[in-house]
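Since every read-out is calculated from the coordinates, none of them should be taken as a lab result. None of the values given here were measured: they were computed from a predicted structure. Cβ sites come from the backbone with ideal geometry, for glycine too, and all protein chains shown count toward neighbours.
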Amino acid sequence: MKNELTMWQSSQDVRAHILDDDGETVRDTFTLAYHEFSSRADLMQLWEYIRRYMEAPDGVEQCHRKVTMCMPVDGRREGLAFGIVRVFAVAANHLFVQMIASPIAALTVAGRWFAMSTSKVPVWPAEVEAACQVDPDDPYRKDWRSNGKYDFYELGWPAICFVVGLAGVVAGLWWLFSVVM
């Protein structure tokens with residue numbers, strides 16, 4: 001769905017509707033994904049992923065193979081380490097860009113961490129949890145514990161950039177306040 005925003009901009013997202021018993025009346029709508037730094041083609045790929053999961057005879061198996069990382073938020077808040085990984089992933093494989101952009105990225109990580117720390121952990125209603133139990137031996141079971149360890153380029157270097165960027169922000173604020181005061 002295309003959404004008109006202020007300042008002559010627009011965004012796109014993939015939305016799901018919860019229908020009433022008549023199958024036509026929309027009771028609720030929620031967004032599955034936003035058009036952040038991706039293109040409309042990326043949203044269409046996400047929709048194709050969802051469609052295959054729901055409709056293809058081997059959809060669950062196909063989707064299981066495609067997912068390489070799960071968000072670590074099931075029953076908990078996202079931690080600082082994953083926030084660093086996620087924010088710096090925008091410039092993955094561009095170490096110089098990550099270092100140059102580190103002050104802005106550090107502020108983004110700090111804001112993300114603050115938002116996660118002060119937000120409520122989402123909880124599915126009990127009837128949904130009861131209806132959606134996954135067998136512990138299910139071969140397609142996958143969650144954040146399936147991610148494995150982050151390597152130096154996924155977390156180590158971004159963590160260094162985060163510290164350098166945060167130090168740059170603090171030094172800049174220190175200088176600004178010393179000049180103003």
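Quick notes
- Sites residue 92 and residue 20, calculated FRET efficiency, Cβ-Cβ separation with R0 45 Å, nearest 0.05: 0.55
- Rounded to 0.05, the FRET efficiency of the residue 178 and residue 153 pair, given R0 = 45 Å and the Cβ-Cβ distance, is 0.80.
- Report note on the peptides 152-158, 116-122: ranked by the mean count of other C-beta atoms within 10 Å, highest first, their order is 152-158, 116-122.
- Taking the longest Cα principal axis of the chain as reference, the axis of helix 40-55 is set at about 40 degrees.
- Helix 157-180 vs. the chain, principal-axis angle (Cα, 0 to 90°, nearest 10): 50 degrees
- The angle between the Cα long axis of helix 102-118 and the main principal axis of the chain comes to about 50°, on a 0 to 90 degree scale.
- The slack in the chain from residue 133 to residue 169, taken as 0.36 nm per residue of separation less the alpha-carbon distance, amounts to 8.4 nm.
- Extents of the range 71-181, taken as max minus min of Cα coordinates on every principal axis and listed largest first, are 61, 32, 16 Å.
- Per-residue extension of 0.36 nm, minus the Cα-Cα distance of residue 119 and residue 71, leaves a gain of 15.7 nm for this segment.
- For the range 82-98, 3J(HN,Hα) computed residue by residue from phi via the Karplus equation (6.51, -1.76, 1.60; θ = phi - 60°) reads 5, x, 5, 4, 5, 5, 6, 5, 4, 10, 3, 6, 10, 4, 5, 4, 4 Hz, glycine and proline entered as x.
- Peptides 129-136, 98-105 ranked from most to least packed, by the mean per-residue count of other Cβ atoms within 10 Å: 98-105, 129-136.
- Alpha-carbon centroid distance for the pair the range 53-91 / the range 109-163, whole angstrom: 8 Å
- Shown here for the range 122-181: trypsin sites (Lys or Arg not before Pro) in loop regions (DSSP other than H, G, I, E, B) with at most 13 other Cβ atoms within 10 Å, namely 141, 149.
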